[in-house]
Amino acid sequence: MRSVVAVVGERVAAFELGIVSQVFGLDRSDDGLPVYDFAVCGAEPGEVPTTSGFPVRVVGLDKVAEADLVTVPAWPTLDAPVDPAVLDVLRAAVERGARVLSVCSGAFAMAAAGLLDGRRAATHWQFADLLARRYPTVHVDRDVLYVTDGPILTSAGAAAGIDACLHLVRETHGTQTANELARRMVIPPHRDGGQAQFVDHPMSTTASDTDLAELLDWMSANLSDPQPVSALAARAVMSERTFARRFRATTGTTPHRWLLDQRLRRAEELLESTDLPVDRVAAESGLGAGDTLRHHFTTRRGVSPAVYRRTFQN
């Protein structure tokens, strides 16, 4: 992935454009991070107003034809038709094998181009019903942060757009690069796309949430140990039913899924940074046997642990 563009319409959401610009548009080569040829493109070169009141300067659509990744930030004018030239370059990008990523309501422009027909897609929960009504052939997933279907990656609100961008960086360059980029941006390195779009209780805002945050830290530090829900609930001094409810309310997912995701992340790090045999990686990451690691890893990554190691090992 060398060339990345953001495609905008007659107006653009400043923050969502800023997200893709932060991830793909800054030169962080001093930290050893990838550098991309990045451009903001529109149907007409010149200034485009933002939802925040200031304009941004865009180039024409020619650079879209050579981009490895085409991003579509939030699309503020949902009731206006999308410029046919924009629709054409989006279709052409998928046809030639480029990846396409939308943030928030950018999914509407992709749907207008027909790119989401028959595919799963995500958008901000506020717009999910409208997307489903307007484009009934799109399988709108109302709850997830982001979802990949073929070359298409769609994401929910602004923060989920960051998660989706980091997910793509992780797929392309490996866990270490994605984690270093997240550290540079001072954000959490990973949230799984299947997590809920919003949680009932933000982390660390009350004493009880702080207790659960401490438990999550302990779980992360002891991934190789068995962690049944009964033991976790006892450590949190809660009944199992209360613990499961509170865990989902705080993290947006179940204890089992959260643990599996953390263990797969740890396995990725070990595969990248060590020469440990796969069985040892499985044991140290808490996944038990090598066959279990291979099953979950292939389901998540689409490749075996051995192929992943050959691709991303330092």
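Every number here is computed from the coordinates shown, using simple stated rules; none is lab data. Just so you know, these numbers come straight off a predicted model, no measurement behind them. Neighbour counts are summed over all protein chains in view; Cβ atoms, including those assigned to glycine, are modelled from backbone coordinates with ideal geometry.
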Rounded to the nearest 500, the 222 nm mean residue ellipticity computed for the chain from DSSP H runs (n ≥ 4, each -39500 (n - 2.57)) alone is -14000 deg cm²/dmol
extent check for the chain: Cα max minus min per principal axis, descending, whole Å, gives 59, 41, 37
Rounded to one decimal in nm, the spacing of the 7 Å Cα→Cβ label points at Glu269 and Ala132 is 3.8 nm
In this structure, the FRET efficiency calculated for Asp37 and Ala234 from their beta-carbon separation, with R0 = 45 Å, to the nearest 0.05, is 0.25
Quick calc: nm separation of the 7 Å Cα→Cβ label points for Glu44 and Glu171 -> 3.5 nm
Those trypsin sites (Lys or Arg not before Pro) from region 262-314 that are DSSP loop and have at most 14 other Cβ neighbours within 10 Å turn out to be none
Largest fluctuation, Phe54, Phe243, Phe24 only, Gaussian network model of the chain with Cα springs under 10 angstrom, belongs to Phe54
If the chain between Ala213 and Asp117 were fully extended at 0.36 nm per residue, the gain over the current Cα-Cα distance would be 30.5 nm
Between Ser224 and Ala249, the FRET efficiency computed from the C-beta separation at R0 = 30 Å comes out, to the nearest 0.05, as 0.65
Rounded to one decimal in nm, the spacing of the 7 Å Cα→Cβ label points at Arg96 and Arg300 is 3.4 nm
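So if I average 1/r over every pair of distinct C-alpha atoms in region 257-312 and take the inverse, what Kirkwood radius in Å does that give?
The answer is 10.7 Å.
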With Cα springs under 10 Å, the Gaussian network model of the chain assigns the largest mean-square fluctuation among Trp125, Trp218, Trp75 to Trp218
Quick numbers on region 1-148, Rg and Dmax over C-alpha atoms in Å, give 14.7, 47
Contour minus Cα-Cα span, Asp88 to Trp125, at 0.36 nm per residue, comes to 10.6 nm
Dividing the surface of the Cα convex hull of region 207-252 by four yields a projected area in nm² of 3.0 nm²
Across Leu223, Leu17, Leu276, the residue with the highest GNM fluctuation in the chain (Cα network, 10 Å cutoff) is Leu276
